[in-house]
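Colleague: Questions regarding the structure given below will be posed in turn.
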Amino acid sequence: MTLLAIYRNPATPGGQPELALRSSDGASIAAALAQRGITFQRWPARAQLPAGADQAQILSAYAAEVARVQEGGAYPSVDAIRLAPDHPDRQALRQKFLAEHTHSEDEVRFFVEGRGLFCLHLGEEVAQVLCEAGDWIAVPAGTRHWFDMGPEPHFCALRFFVNPEGWVAQFTGDPIAQAYPLLDALQVA
(Lines give C-alpha, C1' and ligand atoms only; values in the text may rest on other atoms or scores of the structure.)
Protein backbone atom coordinates (compact mmCIF):
# COMPACT_ATOMS: atom_id res chain seq x y z
CA MET A 1 0.00 0.00 0.00
CA THR A 2 1.34 3.42 -0.97
CA LEU A 3 1.68 5.59 2.13
CA LEU A 4 2.58 9.18 2.96
CA ALA A 5 3.74 10.30 6.41
CA ILE A 6 4.62 13.95 7.01
CA TYR A 7 6.48 15.02 10.13
CA ARG A 8 6.84 18.59 11.46
CA ASN A 9 10.05 20.07 12.83
CA PRO A 10 12.73 17.64 11.68
CA ALA A 11 13.97 15.55 14.55
CA THR A 12 17.58 15.15 15.51
CA PRO A 13 19.11 11.71 16.08
CA GLY A 14 17.61 10.41 19.30
CA GLY A 15 14.71 12.89 19.09
CA GLN A 16 11.10 12.09 18.23
CA PRO A 17 9.57 13.44 15.03
CA GLU A 18 6.03 14.86 15.31
CA LEU A 19 3.61 13.15 12.89
CA ALA A 20 1.41 15.74 11.15
CA LEU A 21 -0.22 13.62 8.43
CA ARG A 22 -0.50 9.96 7.50
CA SER A 23 -2.47 8.86 4.42
CA SER A 24 -2.78 5.94 2.05
CA ASP A 25 -5.26 7.71 -0.25
CA GLY A 26 -3.61 8.32 -3.64
CA ALA A 27 -5.39 11.60 -4.34
CA SER A 28 -4.56 12.95 -0.87
CA ILE A 29 -0.92 11.89 -1.27
CA ALA A 30 -0.67 13.60 -4.66
CA ALA A 31 -2.27 16.80 -3.33
CA ALA A 32 -0.12 16.98 -0.18
CA LEU A 33 3.06 16.40 -2.17
CA ALA A 34 2.06 18.89 -4.88
CA GLN A 35 1.72 21.57 -2.18
CA ARG A 36 5.37 20.83 -1.40
CA GLY A 37 6.60 20.87 -5.01
CA ILE A 38 6.77 17.09 -5.46
CA THR A 39 4.97 15.37 -8.35
CA PHE A 40 3.25 12.09 -7.51
CA GLN A 41 1.03 10.06 -9.81
CA ARG A 42 -0.37 6.54 -10.05
CA TRP A 43 0.27 4.73 -13.36
CA PRO A 44 -0.52 1.11 -14.18
CA ALA A 45 2.46 -1.19 -13.67
CA ARG A 46 1.07 -3.45 -16.36
CA ALA A 47 4.00 -5.72 -17.29
CA GLN A 48 4.83 -8.89 -15.40
CA LEU A 49 8.61 -9.13 -15.48
CA PRO A 50 10.35 -12.52 -15.48
CA ALA A 51 12.58 -13.19 -12.45
CA GLY A 52 15.78 -12.79 -14.42
CA ALA A 53 14.74 -9.79 -16.53
CA ASP A 54 17.70 -7.60 -17.40
CA GLN A 55 17.65 -3.86 -17.95
CA ALA A 56 16.93 -4.15 -21.68
CA GLN A 57 13.92 -6.42 -21.04
CA ILE A 58 12.57 -4.12 -18.34
CA LEU A 59 12.89 -1.04 -20.53
CA SER A 60 11.30 -2.89 -23.46
CA ALA A 61 8.36 -4.01 -21.30
CA TYR A 62 7.75 -0.37 -20.31
CA ALA A 63 8.64 1.27 -23.64
CA ALA A 64 5.30 3.10 -23.80
CA GLU A 65 5.84 4.68 -20.37
CA VAL A 66 9.42 5.62 -21.26
CA ALA A 67 8.17 7.28 -24.47
CA ARG A 68 5.46 9.12 -22.49
CA VAL A 69 8.05 10.64 -20.16
CA GLN A 70 10.60 11.39 -22.84
CA GLU A 71 8.23 12.96 -25.38
CA GLY A 72 8.65 16.36 -23.72
CA GLY A 73 12.43 16.06 -23.96
CA ALA A 74 13.04 16.67 -20.25
CA TYR A 75 14.62 13.31 -19.37
CA PRO A 76 16.55 11.89 -22.33
CA SER A 77 18.32 9.17 -20.30
CA VAL A 78 16.60 6.24 -18.65
CA ASP A 79 17.68 3.07 -16.91
CA ALA A 80 16.12 0.45 -14.68
CA ILE A 81 17.23 -0.53 -11.21
CA ARG A 82 16.10 -3.88 -9.82
CA LEU A 83 17.11 -5.25 -6.45
CA ALA A 84 16.12 -8.52 -4.86
CA PRO A 85 16.68 -9.83 -1.31
CA ASP A 86 19.64 -11.92 -2.51
CA HIS A 87 21.50 -9.04 -4.22
CA PRO A 88 25.16 -9.34 -3.11
CA ASP A 89 25.58 -5.57 -2.58
CA ARG A 90 22.22 -4.91 -0.91
CA GLN A 91 23.64 -3.87 2.47
CA ALA A 92 26.22 -1.45 1.02
CA LEU A 93 23.65 0.02 -1.39
CA ARG A 94 21.12 0.46 1.41
CA GLN A 95 23.63 2.34 3.56
CA LYS A 96 24.62 4.57 0.64
CA PHE A 97 21.00 5.47 -0.17
CA LEU A 98 20.14 6.04 3.53
CA ALA A 99 22.58 8.96 3.76
CA GLU A 100 20.88 12.31 3.13
CA HIS A 101 21.88 13.72 -0.25
CA THR A 102 20.82 15.99 -3.09
CA HIS A 103 21.08 15.83 -6.88
CA SER A 104 21.75 18.57 -9.40
CA GLU A 105 18.77 17.30 -11.42
CA ASP A 106 15.29 16.00 -10.64
CA GLU A 107 15.05 12.48 -9.22
CA VAL A 108 12.31 10.81 -11.24
CA ARG A 109 11.19 7.24 -10.60
CA PHE A 110 8.42 4.95 -11.79
CA PHE A 111 8.10 1.88 -9.58
CA VAL A 112 7.09 -1.19 -11.58
CA GLU A 113 7.67 -3.84 -8.87
CA GLY A 114 7.98 -3.98 -5.11
CA ARG A 115 8.44 -0.98 -2.85
CA GLY A 116 10.85 1.66 -1.58
CA LEU A 117 10.71 4.57 0.85
CA PHE A 118 11.57 8.11 -0.30
CA CYS A 119 12.27 10.48 2.60
CA LEU A 120 12.21 14.16 1.67
CA HIS A 121 13.69 16.83 3.97
CA LEU A 122 11.55 19.84 3.06
CA GLY A 123 12.55 22.73 5.30
CA GLU A 124 10.67 22.27 8.58
CA GLU A 125 9.09 18.98 7.44
CA VAL A 126 10.11 15.49 6.47
CA ALA A 127 7.78 13.66 4.08
CA GLN A 128 8.14 9.91 3.80
CA VAL A 129 6.57 8.36 0.70
CA LEU A 130 6.30 4.59 0.62
CA CYS A 131 6.23 3.96 -3.13
CA GLU A 132 4.95 0.71 -4.60
CA ALA A 133 4.37 -0.69 -8.07
CA GLY A 134 2.47 1.90 -10.10
CA ASP A 135 3.82 4.94 -8.24
CA TRP A 136 5.50 7.75 -10.18
CA ILE A 137 7.45 10.36 -8.20
CA ALA A 138 9.48 13.38 -9.33
CA VAL A 139 11.61 15.09 -6.69
CA PRO A 140 13.01 18.49 -7.76
CA ALA A 141 16.76 19.04 -8.09
CA GLY A 142 18.38 20.20 -4.86
CA THR A 143 15.83 18.53 -2.57
CA ARG A 144 17.49 16.97 0.47
CA HIS A 145 16.41 13.34 0.73
CA TRP A 146 17.31 9.72 1.38
CA PHE A 147 15.89 6.38 0.26
CA ASP A 148 15.31 3.11 2.11
CA MET A 149 14.93 -0.15 0.23
CA GLY A 150 14.77 -2.23 3.42
CA PRO A 151 17.07 -5.01 4.62
CA GLU A 152 15.64 -7.43 2.05
CA PRO A 153 15.01 -5.21 -0.97
CA HIS A 154 12.45 -6.08 -3.59
CA PHE A 155 11.82 -3.36 -6.11
CA CYS A 156 12.23 -2.38 -9.72
CA ALA A 157 12.04 1.23 -10.83
CA LEU A 158 12.59 3.10 -14.04
CA ARG A 159 14.94 6.04 -13.42
CA PHE A 160 14.83 9.09 -15.67
CA PHE A 161 17.75 11.52 -16.00
CA VAL A 162 18.92 14.62 -17.81
CA ASN A 163 22.56 13.69 -17.19
CA PRO A 164 23.60 10.59 -19.16
CA GLU A 165 25.89 9.62 -16.24
CA GLY A 166 22.76 8.69 -14.27
CA TRP A 167 22.61 8.75 -10.47
CA VAL A 168 25.06 11.33 -9.08
CA ALA A 169 24.64 12.38 -5.45
CA GLN A 170 26.03 15.15 -3.28
CA PHE A 171 25.92 13.92 0.33
CA THR A 172 24.99 16.52 2.97
CA GLY A 173 26.60 14.84 5.98
CA ASP A 174 23.43 15.57 8.00
CA PRO A 175 22.52 12.55 10.21
CA ILE A 176 18.78 13.43 10.09
CA ALA A 177 17.86 10.12 8.45
CA GLN A 178 18.69 8.31 11.70
CA ALA A 179 15.78 10.06 13.46
CA TYR A 180 13.01 8.71 11.19
CA PRO A 181 11.36 5.32 10.72
CA LEU A 182 12.82 3.04 8.10
CA LEU A 183 10.74 1.23 5.50
CA ASP A 184 9.65 -1.72 7.63
CA ALA A 185 8.86 0.39 10.71
CA LEU A 186 6.78 2.90 8.73
CA GLN A 187 4.53 0.17 7.34
CA VAL A 188 3.75 -1.20 10.80
CA ALA A 189 3.12 2.15 12.52
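Colleague: In the range 1-33, what residues are within 21 Å of Leu158 (Cα to Cα) and not in a loop (DSSP other than H, G, I, E, B)? Outline the logic, then answer.
Modeller: First pass over the range 1-33, keeping only residues within 21 Å of Leu158 (Cα to Cα): 1-4, 26, 29-30, 33.
Hits for the range 1-33 are Leu3, Leu4, Gly26, Ile29, Ala30, Leu33.
Colleague: Mind listing just one residue for me: the one in the range 146-189 that is in a helix (DSSP H, G or I) and either within 13 Å of the chain's Cα centre (by Cα) or of a type in the set (A, V, I, L, M) (or both) and, of those, surrounded by the most Cβ atoms within 10 Å (Cβ to Cβ)?
Modeller: Of the range 146-189, the ones in a helix (DSSP H, G or I) are 175-179, 183-188.
If we keep only those that are either within 13 Å of the chain's Cα centre (by Cα) or of a type in the set (A, V, I, L, M) (or both) too, we end up with 176-177, 179, 183, 185-186, 188.
Values: Ile176: 19, Ala177: 22, Ala179: 16, Leu183: 19, Ala185: 11, Leu186: 18, Val188: 6.
Going through the qualifying residues, I end up with Ala177.
Colleague: Here is a follow-up. In the range 103-121, what residues are over 11 Å from the mean Cα position of the chain (by Cα) and farther than 15 Å from Pro17 by Cβ?
Modeller: Restricting attention to the range 103-121, the residues satisfying the condition of being over 11 Å from the mean Cα position of the chain (by Cα) are 103-106, 112-114, 121.
Hits for the range 103-121 are His103, Ser104, Glu105, Asp106, Val112, Glu113, Gly114.
Colleague: Shifting gears a bit: Can you tell me how many residues in the range 116-145 are out of contact with any His (no Cβ under 7 Å at 6 or more places or on another chain) and part of a strand (DSSP E or B)?
Modeller: Taking the range 116-145 as the starting set, the residues that turn out to be out of contact with any His (no Cβ under 7 Å at 6 or more places or on another chain) are 116-117, 122-138, 140, 142-143.
Cutting the leftovers down to part of a strand (DSSP E or B) gives us 116-117, 122, 125-132, 135-138.
Matching residues across the range 116-145 total 15.
Colleague: Can you confirm whether Gln41 is at pLDDT 95 or above and part of a strand (DSSP E or B)?
Modeller: Working: at pLDDT 95 or above: yes; part of a strand (DSSP E or B): yes.
When the stated conditions are applied, Gln41 passes them.
Colleague: Could I ask something else about it? So Ser23 fits all but one of (1) polar (S, T, N, Q); (2) farther than 20 Å from Gly134 by Cα; (3) in contact (Cβ under 8 Å) with a residue 12 or more places away in the chain; what number is the exception?
Modeller: Against the list (1) polar (S, T, N, Q); (2) farther than 20 Å from Gly134 by Cα; (3) in contact (Cβ under 8 Å) with a residue 12 or more places away in the chain, Ser23 comes up short only on (2).
Colleague: May I ask you to verify whether Ile81 is buried (at least 16 other Cβ atoms within 10 Å of the Cβ), modelled with pLDDT of 95 or more and outside any loop (DSSP other than H, G, I, E, B)?
Modeller: Details: buried (at least 16 other Cβ atoms within 10 Å of the Cβ): yes; modelled with pLDDT of 95 or more: no; outside any loop (DSSP other than H, G, I, E, B): yes.
Against the criterion (buried (at least 16 other Cβ atoms within 10 Å of the Cβ), modelled with pLDDT of 95 or more and outside any loop (DSSP other than H, G, I, E, B)), Ile81 does not qualify.
Colleague: All but one of (1) under 20 Å from Asn163 (Cα atoms); (2) in contact with a Leu (Cβ under 9 Å, 6 or more places away or on another chain) hold for Leu83; state the number of the condition that does not hold.
Modeller: The single condition Leu83 does not satisfy is (1).
Colleague: Counting only residues that are closer than 15 Å to Ala157 by Cα and either β-branched (Val, Ile, Thr) or in a helix (DSSP H, G or I) (or both), which one in the range 95-115 is modelled with the lowest pLDDT?
Modeller: Here the answer is Phe97.
Colleague: Just to check your reading of the model, which residue among Glu100, Glu124 is touching a Lys or Arg at 6+ places or on another chain (Cβ under 8 Å), surrounded by fewer than 17 Cβ atoms within 10 Å (Cβ to Cβ) and under 27 Å from Glu18 (Cα atoms)? Explain how you work it out, then say what you get.
Modeller: Values: Glu100 fails: surrounded by fewer than 17 Cβ atoms within 10 Å (Cβ to Cβ).
Checking each option against the conditions leaves just Glu124.
The values are calculated or read from the model by the stated rules, or taken from the named source; none is laboratory data. Predicted model only: the values in this text are computed from it and were never measured. FYI the Cβ positions are ideal-geometry reconstructions off the backbone, even for glycines, and counts take in every protein chain you see.
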